[in-house]
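Trainee: Just passing along the structure, written as structure tokens.
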Amino acid sequence: SHDISGIYLDSQGQYIAYYHGFDATGFDECGQSGTFSLYINPLSSNQLDLYLANSMEILLQDDCPNGATPHVFPVNVVFSLTRI
């Protein structure tokens, strides 16, 4: 389960949203959070480009004994959603 909550539209026309993952019990996933930047691709109005910047939170061993949970979205790269 994941939560993506919109925050604001920045001065460059990018929509900024916060992303956070939860496990099956509803508890926070360890390190599975960050900030999405969403914007229409300037070369194709049928594409929405997204960039997920990983959060820089500190994970505690007691809270996350298995380390960080992998993201379900690509992190720190631009990826595109295409309308067909």
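The values are calculated or read from the model by the stated rules, or taken from the named source; none is laboratory data. Since we're looking at a predicted model, the values are computed, not measured. Cβ coordinates were reconstructed from backbone atoms using ideal geometry, including for glycine residues, and neighbour counts include every protein chain displayed.
Trainee: Select from region 60-76 the residues that are within 12 Å of the chain's Cα centre (by Cα) and either touching a residue at least 40 places away in the same chain (Cβ under 8 Å) or over 17 Å from residue 33 (Cβ atoms) (or both) and list them in ascending order.
Mentor: 71, 72, 73, 75
Trainee: For residues that are hydroxyl-bearing (Ser, Thr, Tyr) and over 19 Å from residue 6 (Cβ atoms), scanning just region 27-79, find the one that is surrounded by the most Cβ atoms within 10 Å (Cβ to Cβ). Steps first, answer last, please.
Mentor: Initial filter on region 27-79 (hydroxyl-bearing (Ser, Thr, Tyr)): 33, 35, 37, 39, 44-45, 51, 55, 69.
Filter once more, so that each one left must be over 19 Å from residue 6 (Cβ atoms): 44-45, 69.
Working: 44: 12, 45: 9, 69: 16.
Only one residue fits best here, namely 69.
Trainee: How about the chain: which strands (runs of 3 or more DSSP E) wholly inside it have at least 1 residues that are at pLDDT below 80 and of a type in the set (Phe, Trp, Tyr)?
Mentor: Values: elements: 2-9, 15-22, 28-40, 47-54, 78-82.
Ranges flagged: 2-9, 15-22.
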